[in-house]
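In what follows, a structure is listed as structure tokens, so that the remarks can point back to it.
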Amino acid sequence: MTYTYSGYPMITEARQRVEAGLIGVVRTVQVEYPLEWMATGVERQNNQQAAWRVDPQKNGRGGSIGDIGTHAYHLAGYVTGLKAERVIADLATFVDGRALDDNAHVMIRYEGGARGLLWSSQVAVGCSNAIRLRVFGDEGSLMWFQEQPNELIFTPLEGNMQIIKRGRDDLDECTKARSRTPPGHPEGYIEAFTNLYSGFAEVLRARDEQREPTAVGINVPQIYDGLKGVAFVDAVVDSHEKETIWIKPKYC
């Protein structure tokens, strides 16, 4: 599920701060998802989780870019609201015998002029689940690291770096609606799924009751987000196969 990381409370807070204009106009987005678990040919060691990821018949055209790059792509778009206009990609397969990429570097041109860099890798030794997002605007920046999911780093232009922690009373209502434990009790990956499922359920209940959804059901991912992810992978692979040229994704 490429939507997973939009279930984190501090990702919701980052999105709300971008929407509120607290970092100004977004200029640059950098997002990465490096893993190390496929740094060797584990798919040849009866590892079924790895085997399907290197099989084009099961995983489609993209290896790392389809498996984890779509997570990074959705995360950047969810927080910034930006739509990709063009992508240019360089894919690599470092482990011999694989039919799909295990490392991807992608540059993104967004509508409105912002620029993006995306890196996904299944062969980054030393990285367990090192998802990172950095968003730079003309009036400030936001940074979020999945391995410290309860903190959001906010820096205003010519101001001091601030560490915004989950559980504070002054956070956005949508953020607070996705917080489950008191401050100091970490929330993470499993709670992110819970927030997504709760959000989907709330949207369905609100529709049946003909009312607006409560905060937990606001900004939940839609089927169209999944379609955008598939189109992104196609555009990335097209760019690489055509010797690294700019490609417009079919869906933004």
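As an exercise: evaluate His105 against (1) in contact (Cβ under 8 Å) with a residue 60 or more places away in the chain; (2) under 22 Å from Gly77 (Cα atoms) and give the number of the one condition it does not meet.
Evaluating His105 over (1) in contact (Cβ under 8 Å) with a residue 60 or more places away in the chain; (2) under 22 Å from Gly77 (Cα atoms) leaves (1) as the failure.
Determine whether the range 63-77 contains at least one residue that is closer than 30 Å to Ala215 by Cβ and in a strand (DSSP E or B).
no
Got a number for residues in the range 82-104 being touching a strand residue (DSSP E or B) at 6+ places or on another chain (Cβ under 6 Å), among the small types (Gly, Ala, Ser) and over 30 Å from Val18 (Cα atoms)?
Adding up the residues that qualify gives 1.
Residue under question is Ile247, and the condition is that it be in contact with a strand residue (DSSP E or B) (Cβ under 6 Å, 6 or more places away or on another chain), buried (at least 18 other Cβ atoms within 10 Å of the Cβ) and within 30 Å of Asn59 (Cβ to Cβ); does it hold?
Yes.
In the range 152-164, what count of residues is obtained for those that are surrounded by 14 or more Cβ atoms within 10 Å (Cβ to Cβ), under 22 Å from the mean Cα position of the chain (by Cα) and either farther than 19 Å from Gln16 by Cβ or not aromatic (Phe, Trp, Tyr) (or both)?
Within the range 152-164, residues that are surrounded by 14 or more Cβ atoms within 10 Å (Cβ to Cβ), under 22 Å from the mean Cα position of the chain (by Cα) and either farther than 19 Å from Gln16 by Cβ or not aromatic (Phe, Trp, Tyr) (or both) number 4.
Consider the range 114-148. How many of its residues are farther than 15 Å from Ile68 by Cα and touching a residue at least 60 places away in the same chain (Cβ under 8 Å)?
Matching residues across the range 114-148 total 15.
Out of the residues in the range 78-104 that are aliphatic (A, V, I, L, M) and in a strand (DSSP E or B), which is surrounded by the fewest Cβ atoms within 10 Å (Cβ to Cβ)?
Among them, the one singled out is Ala92.
Could you say which residue among Phe232, Phe200, Phe193 is over 29 Å from Ile108 (Cα atoms) and assigned to a helix (DSSP H, G or I)?
Phe200
Taking into account only those residues within the range 165-212 that are within 11 Å of Met10 (Cα to Cα), under 20 Å from the mean Cα position of the chain (by Cα) and not basic (Lys, Arg), which is surrounded by the fewest Cβ atoms within 10 Å (Cβ to Cβ)?
Going through the qualifying residues, I end up with Gly188.
Residue check: is Arg211 basic (Lys, Arg) and free of Cβ contacts under 8 Å to residues at least 40 places away in the same chain?
Here the answer is yes, as Arg211 does meet what is asked.
Does any residue of the range 64-81 turn out to be in contact with a strand residue (DSSP E or B) (Cβ under 6 Å, 6 or more places away or on another chain), acidic (Asp, Glu) and touching a residue at least 12 places away in the same chain (Cβ under 8 Å)?
No - not one qualifying residue is present in the range 64-81.
Every read-out reported here was derived from the displayed coordinates using simple, explicitly stated rules and does not represent laboratory data. Since this is a predicted model, take the numbers as computed values, not measurements. Positions of Cβ are backbone-derived with ideal geometry, glycine not excepted, and every protein chain shown enters the neighbour counts.
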